[in-house]
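Student: I'd like to ask some things about the structure below.
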Number of protein chains: 2
Amino acid sequence: MLSPYLLFLGDVTELAAAKTAAGILQWRPELCIGQIRAPGGTVDLGLPEMRPAEAAKHGARTMIIGIANAGGFIPDSWLPTILVALEAGLDIAAGMHTRLVDVPQIRETASRLGRTLHDVRQPTQSFVPGSGRKRSGLRLLTVGTDCAVGKKYAALAIEKSMRARGMKADFRATGQTGIFISGRGVAVDAVVADFISGAAEWLSPANDPDHWDVIEGQGSLFHPAYAGVTLGLIHGSQPDALVICHEPVRKALVGFDHYPVPALQDCIDATVSAARLTNPVARAVGISINTSRMSEQAASEAIARLEQQTGLPCRDPIRHGMDDVVSYIRKIWR
Amino acid sequence: MLSPYLLFLGDVTELAAAKTAAGILQWRPELCIGQIRAPGGTVDLGLPEMRPAEAAKHGARTMIIGIANAGGFIPDSWLPTILVALEAGLDIAAGMHTRLVDVPQIRETASRLGRTLHDVRQPTQSFVPGSGRKRSGLRLLTVGTDCAVGKKYAALAIEKSMRARGMKADFRATGQTGIFISGRGVAVDAVVADFISGAAEWLSPANDPDHWDVIEGQGSLFHPAYAGVTLGLIHGSQPDALVICHEPVRKALVGFDHYPVPALQDCIDATVSAARLTNPVARAVGISINTSRMSEQAASEAIARLEQQTGLPCRDPIRHGMDDVVSYIRKIWR
């Protein structure tokens, strides 16, 4: 996609629903020049409010659909803003299951004006089923007790810390926001079900023995809608190291109030057990804790408690970075 | 699809690779009038050998691609037979990931001759992610220690036994062969990964409190390529009852020699545990054993041993039928 970006926040009213936009702003702030909402939207990322024409005048090249909904479709209420952005000279990029190009009005307007539509969730290559064969190189996968709990942030913070120490490390995106941030990857939840683990094997090919792929996890083994994606990603990634992501104050799964967040230790045990099918030495190496809704003191107490419970380093990737988890990793793989 | 059928066995040399054809013949023999192989093929189902023109003369209406390969593509070596069948007046039906209609020579020949191409693995409806909400009615899901171990046969035999007793029961197909046999269903391995459990919820909607959906399982939780499909299907099916399918003489997963078949009890424990996420009362109610490569005596000994180990009725759906498992079920759900 051509930057800079105008971030479209739609009509959502919860920050969690705008996690694509928030993630791009967190990790690539230099590319984001403005935000725009549809009627009814209340989420504010703190960027200047801009209409498309104004954004284009400030240099914006692409409007990114920065929100996600269950099912990944494009509701009619987003259409006027998308069409106005095209008219104002912007390309559009999205990571929905429904492709921009499959919405007739969007396709026709883009075609008439010569604009480009980017559908990053659509795989551009074909996959085969996973082989289960071990590949050279080291792999870390972030997993979690729920969706939207910090798996991508943990992976990006770990890549940053590893690279700062001169370690060979590559973030591997498995979702739309990660692809927007890193410019490559595969949205594993949009792959044909038979090829989930095969896509994960493709994403993280054989590499130097001391090279780390730091793979963004998806979903949770305890999620009634998405656990299949989670398990296939675990098996195909063949992780040596697992970092478990958790938000202590969350009681129920986001959007699934009838499902409690699983206990952290249950999630560690189930994930390590699943990972050992394709990599018998898989082990947990750290906890990534999301403390965004906790005070400094509550966060410190939670970290002390979780470290004592699990025997693993526990950090918030935004508040603390993941240096201490990477130090723990270096002790194991010298 | 219009019957009767000519079954295409391709160039495969192992019966397991022709399981689609074998399954149709097992459960719908009255629809199958002949078989045809491509050069190099050695599998024999015992049907009369017929070339397409001969089969058409005997009344055949459709040639079914009765074989499966990893990846679900259509190799060039099948093309001549498919084109000759179209010329001879037959429609073609297949359940591959690659659609017949996407192979230019097949599409153009069918179009020129006015023949119909059936791609039963392609979902014809759109799905949404699973909701995890409990539905009325009872559900049984077959699961297994590997692929191609009897999950479809067990489900069909259970439906047959339940209906013979006057119970309300419907077989729910989740793979191509099951769809060919029952005329409906959804190939869950061809669904977009995000919608596996949603497709399973769609397949088995709310029903009478005493109605059983008998759902065909897929893959295995211990399979390095397909476990994601298995887990999503378990969660979306919300089974009350699980029947675990197993072949005692199999040492390694089919096509994955480096992966041993898991212990039966490990498979029971892992599956029941996974199922309880969306249905806390899920329980194992029987073992379906594949004794096709065992003597009568070896089969009897294996059954006695497995029944003692698990405390559950154990039967071969072909050799014994599943009446004893259904009797066990009736004791639990009176």
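Student: From B:V254, B:V325, grab the single residue that is of a type in the set (A, V, I, L, M, F, W, C), over 20 Å from A:A270 (Cα atoms) and touching a Pro at 6+ places or on another chain (Cβ under 8 Å).
Tutor: Of B:V254, B:V325, the one residue that is of a type in the set (A, V, I, L, M, F, W, C), over 20 Å from A:A270 (Cα atoms) and touching a Pro at 6+ places or on another chain (Cβ under 8 Å) is B:V325.
Student: Then there's this: Considering only segment B:85-92, I want to know if a residue exists there that is under 18 Å from B:L25 (Cα atoms) and at pLDDT 95 or above.
Tutor: Within segment B:85-92, one or more residues are under 18 Å from B:L25 (Cα atoms) and at pLDDT 95 or above.
Student: Would you confirm whether or not segment B:291-301 contains a residue that is in the same structural domain as B:M162 (by TED's automatic domain parsing), hydroxyl-bearing (S, T, Y) and touching a residue at least 60 places away in the same chain (Cβ under 8 Å)?
Tutor: Within segment B:291-301 (the criterion being in the same structural domain as B:M162 (by TED's automatic domain parsing), hydroxyl-bearing (S, T, Y) and touching a residue at least 60 places away in the same chain (Cβ under 8 Å)), the answer is no, since none of the residues qualifies.
Student: Oh, and also: Just to verify a result, which residue in segment B:63-76, among those that are away from chain A (no Cβ under 14 Å) and within 26 Å of B:T124 (Cβ to Cβ), is modelled with the lowest pLDDT?
Tutor: The selected residue is B:I67.
Student: Okay, moving on. Being within 13 Å of chain B (Cβ to nearest Cβ) and not in a strand (DSSP E or B), is that true of even one residue in segment A:288-296? First the steps, then the outcome.
Tutor: Initially, segment A:288-296 is screened for residues within 13 Å of chain B (Cβ to nearest Cβ), giving none.
No - not one qualifying residue is present in segment A:288-296.
This table checks each residue for (1) more than 14 Å from every other protein chain (Cβ to nearest Cβ); (2) out of contact with any Phe, Trp or Tyr (no Cβ under 6 Å at 6 or more places or on another chain); (3) among the hydroxyl-bearing types (S, T, Y); (4) under 19 Å from A:A21 (Cβ atoms).
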residue: A:R61; (1), (2), (3), (4): yes, yes, no, yes
residue: A:W78; (1), (2), (3), (4): yes, yes, no, yes
residue: A:A94; (1), (2), (3), (4): yes, yes, no, yes
residue: A:R107; (1), (2), (3), (4): yes, yes, no, no
residue: A:A110; (1), (2), (3), (4): yes, yes, no, no
residue: A:R115; (1), (2), (3), (4): yes, yes, no, no
residue: A:V120; (1), (2), (3), (4): yes, yes, no, yes
residue: A:S131; (1), (2), (3), (4): no, yes, yes, no
residue: A:K134; (1), (2), (3), (4): no, yes, no, no
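Student: Right, here's the next one. So which of A:V192, A:V254, A:V229, A:V188 ends up being surrounded by fewer than 24 Cβ atoms within 10 Å (Cβ to Cβ), in contact with a helix residue (DSSP H, G or I) (Cβ under 8 Å, 6 or more places away or on another chain) and at the interface with chain B (Cβ under 8 Å from one of its Cβ atoms)?
Tutor: A:V192
Student: Could you run through segment A:98-135 and say how many residues are under 22 Å from B:Y226 (Cα atoms) and either buried (at least 19 other Cβ atoms within 10 Å of the Cβ) or of a type in the set (S, T, N, Q) (or both)?
Tutor: Our first condition is that a residue be under 22 Å from B:Y226 (Cα atoms); within segment A:98-135, this holds for A:121-135.
Checking which are either buried (at least 19 other Cβ atoms within 10 Å of the Cβ) or of a type in the set (S, T, N, Q) (or both) leaves us with A:121-122, A:124-127, A:129-132.
Of the residues in segment A:98-135, 10 are under 22 Å from B:Y226 (Cα atoms) and either buried (at least 19 other Cβ atoms within 10 Å of the Cβ) or of a type in the set (S, T, N, Q) (or both).
Student: Here's another thing I want to ask about it. Any idea which residue in segment B:150-184 is nearest to B:C32 (Cα to Cα), counting only those that are out of contact with any strand residue (DSSP E or B) (no Cβ under 7 Å at 6 or more places or on another chain) and of a type in the set (A, V, I, L, M, F, W, C)?
Tutor: Looking at the filtered set, the residue picked out is B:I181.
Student: Moving to a separate point now. Could you check segment B:229-250 and list, in sequence order, the residues that are free of Cβ contacts under 8 Å to residues at least 60 places away in the same chain and touching an Asp or Glu at 6+ places or on another chain (Cβ under 9 Å)?
Tutor: Correct list: B:V229 only.
Student: Residues in segment A:107-166 that are within 25 Å of A:T177 (Cα to Cα), among the acidic types (D, E) and either in contact with a His (Cβ under 6 Å, 6 or more places away or on another chain) or without any contact (Cβ under 8 Å) to a residue 60 or more places away in the chain (or both): how many?
Tutor: Here the count works out to 2.
Student: B:G217: buried (at least 21 other Cβ atoms within 10 Å of the Cβ), modelled with pLDDT of 95 or more and facing another protein chain (nearest Cβ under 8 Å), yes or no? If you could, list the steps in order and put the result at the bottom.
Tutor: Values: buried (at least 21 other Cβ atoms within 10 Å of the Cβ): yes; modelled with pLDDT of 95 or more: yes; facing another protein chain (nearest Cβ under 8 Å): no.
Judged against the criteria, B:G217 is not a match.
The values are calculated or read from the model by the stated rules, or taken from the named source; none is laboratory data. Note that this is a predicted model, so its numbers are computed, not measured. As a convention, Cβ positions derive from the backbone with ideal geometry for all residues, glycine included, and neighbour counts pool all protein chains shown.
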